[in-house]
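Visitor: The structure under discussion is supplied below as structure tokens; questions concerning it will follow.
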Amino acid sequence: MAPDIPRYSRHELLRWIGPEGQQRIRRSRVFVAGVGALGCLVSTLLARAGIAFLRIADFDYPEIHNLHRQILYDEEDVGAGLSKPEVAAKRLRAANSEVQIEAVTTAVGADTIEALTDGVDLVVDALDNIRSRYYVNDAILARGIPYVFGGAVEAAGNVMTIIPGKTPCLRCLWPDTEVVGNHPTAARVGVLSSVAMAVAAVEVTEALKILVGREQDTIQGLLVMDFWRNTFQTAAVQQDPKCICRTITR
Ligand SMILES: [Zn+2]
């Protein structure tokens with residue numbers, strides 16, 4: 001690239017971002033929970049967007065059945081002994097050496113969530129189970145950190161942006177803990193690679209809106225996308241009066 005064309009010029013040209021918004025992105029610290037299909041694309045686009053600090057966490061190692069959709073891993077990574085966060089960090093550093101990347105090989109759970117959400121401005125969800133998401137949800141409420149939830153199975157996806165103190169949370173959406181374990185997962189019912197990428201792209205768009213200070217432009221409710229039937233709808237989500245998010249103090 002010619003030295004007189006700034007690296008982030010195509011973002012800076014956008015009326016919603018501008019040089020000022022890009023400066024905000026450059027100071028941002030983000031935790032991406034999970035580096036599967038969603039996490040590979042989310043972390044790639046956020047690193048390439050030039051955030052200051054990116055933390056990625058996952059307990060998995062690349063496997064051959066991941067490669068159709070988990071775009072940071074190659075055949076050589078299968079069985080090579082490096083975890084997904086370790087491989088991902090290597091690729092992300094090659095994509096943008098300006099970003100500080102912290103790779104954590106761990107599950108997102110009760111004993112790790114506090115450290116994983118420490119010192120970040122935003123959490124982006126790239127998990128594959130509801131139980132881990134509840135841990136993220138409760139931690140971000142306690143810390144007052146915005147959280148972009150996203151999920152993709154079969155040919156459908158959901159995205160919801162949670163701003164503590166302003167919007168309903170994941171427990172408002174699914175107050176019944178019975179749903180834990182009953183949700184379909186990609187491991188059980190499959191997932192179309194393109195759909196996972198599309199959902200991740202929506203999550204990144206939401207993340208960038210928050211990072212540049214345009215929370216008011218985020219999705220209001222739950223975005224429900226069915227890419228096989230070509231339907232895209234936003235469902236209203238009511239705040240549950242009994243939910244912990246009502247009483248959380250910031
Ligand atoms: Zn709630």
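Visitor: Kindly indicate the residue of the stretch 39-73 that is among the β-branched types (Val, Ile, Thr) and open to solvent by less than 10 Å² (accessible area, probe 1.4 Å) and also nearest to SER83 (Cα to Cα) among those meeting that condition.
Guide: ILE56
Visitor: Is it the case that the stretch 155-166 has a residue that's in contact with a Ser or Thr (Cβ under 7 Å, 6 or more places away or on another chain), under 22 Å from VAL42 (Cβ atoms) and either among the β-branched types (Val, Ile, Thr) or in contact (Cβ under 8 Å) with a residue 24 or more places away in the chain (or both)?
Guide: Within the stretch 155-166, one or more residues are in contact with a Ser or Thr (Cβ under 7 Å, 6 or more places away or on another chain), under 22 Å from VAL42 (Cβ atoms) and either among the β-branched types (Val, Ile, Thr) or in contact (Cβ under 8 Å) with a residue 24 or more places away in the chain (or both).
Visitor: In this structure, does PRO19 turn out to be crowded, with 23+ Cβ neighbours inside 10 Å and more than 21 Å from VAL148 (Cα to Cα)?
Guide: Considered against the rule, which asks whether it is crowded, with 23+ Cβ neighbours inside 10 Å and more than 21 Å from VAL148 (Cα to Cα), PRO19 comes out as no.
Visitor: Only one residue in LEU208, LEU223 is out of contact with any Cys (no Cβ under 9 Å at 6 or more places or on another chain), within 30 Å of ILE71 (Cα to Cα) and part of a strand (DSSP E or B). Which one?
Guide: Values: LEU208 fails: part of a strand (DSSP E or B).
Going through LEU208, LEU223 in turn, the sole match is LEU223.
Visitor: Could you list all residues from the stretch 83-102 that are over 22 Å from GLU63 (Cβ atoms) and of a type in the set (S, T, N, Q)?
Guide: Passing the criteria: ASN96, SER97, GLN100.
Visitor: Something else: Restricting to the stretch 95-109, name every residue that is open to solvent by 20 Å² or more (accessible area, probe 1.4 Å) and either in a strand (DSSP E or B) or within 15 Å of the ligand (Cβ to nearest atom) (or both).
Guide: The answer is GLN100, GLU102, ALA103, VAL104, THR105.
Visitor: If the Cβ limit is 9 Å and pairs must be 6+ apart or interchain, which residue in the stretch 44-72 that is part of a strand (DSSP E or B) and modelled with pLDDT of 95 or more pairs with which residue that is open to solvent by 20 Å² or more (accessible area, probe 1.4 Å) and among the polar types (S, T, N, Q)?
Guide: Listed by first residue and then by second, the contacts come to PHE53/GLN100; LEU54/GLN100; ALA57/THR105; ALA57/THR106; ALA57/THR112; ASP58/THR105; ASP58/THR106.
Visitor: While we're looking at this one, here's another question. Check off (1) closer than 18 Å to LEU38 by Cβ; (2) within 16 Å of the ligand (Cβ to nearest atom); (3) exposed (fewer than 14 other Cβ atoms within 10 Å of the Cβ) for SER194 and give me the number that stays unchecked.
Guide: Condition not satisfied by SER194: (2).
Visitor: Out of the residues in the stretch 110-131 meeting the condition of being over 24 Å from ARG24 (Cα atoms) and surrounded by 13 or more Cβ atoms within 10 Å (Cβ to Cβ), tell me which one is nearest to the chain's Cα centre (by Cα). It would help to see each step written out before you state the result.
Guide: Taking the stretch 110-131 as the starting set, the residues that turn out to be over 24 Å from ARG24 (Cα atoms) are 110-114, 127-131.
This time we only want the ones that are surrounded by 13 or more Cβ atoms within 10 Å (Cβ to Cβ), so: 110, 112-113, 127-131.
Working: ALA110: 19, THR112: 17, ILE113: 15, LEU127: 8, ASP128: 11, ASN129: 13, ILE130: 14, ARG131: 16 Å.
So the residue we want is LEU127.
Visitor: Being open to solvent by less than 30 Å² (accessible area, probe 1.4 Å), within 16 Å of the ligand (Cβ to nearest atom) and either part of a strand (DSSP E or B) or not hydrophobic (A, V, I, L, M, F, W, C) (or both) is the filter here, so list the residues in the stretch 135-166 that pass it.
Guide: ASN137, GLY144, PRO146, TYR147, VAL148, PHE149, MET160, THR161, ILE162, PRO164
Visitor: Evaluate the following for GLU206: is it open to solvent by less than 30 Å² (accessible area, probe 1.4 Å), of a type in the set (Asp, Glu) and away from the ligand (no atom under 16 Å from the Cβ)? So that I can check it myself, show each step before the final result.
Guide: Working: open to solvent by less than 30 Å² (accessible area, probe 1.4 Å): yes; of a type in the set (Asp, Glu): yes; away from the ligand (no atom under 16 Å from the Cβ): yes.
Yes: the conditions hold for GLU206.
Visitor: Let me ask you something else. Looking at the stretch 209-250, which of the residues that are within 14 Å of the ligand (Cβ to nearest atom), of a type outside the set (Gly, Ala, Ser) and under 22 Å from GLY157 (Cβ atoms) is most open to solvent (accessible area, probe 1.4 Å)?
Guide: Among residues in the stretch 209-250 that are within 14 Å of the ligand (Cβ to nearest atom), of a type outside the set (Gly, Ala, Ser) and under 22 Å from GLY157 (Cβ atoms), the one most open to solvent (accessible area, probe 1.4 Å) is GLN238.
The values are calculated or read from the model by the stated rules, or taken from the named source; none is laboratory data. Treat the numbers as computed from the prediction; the structure is a model and nothing was measured. Note: ideal-geometry Cβ built from the backbone for every residue, glycine included; neighbour counts use all protein chains shown. These accessible areas exclude ligands, DNA and RNA; they are computed on the full protein's heavy atoms, side chains included. Shrake-Rupley method; radii C 1.70, N 1.55, O 1.52, S 1.80 Å.
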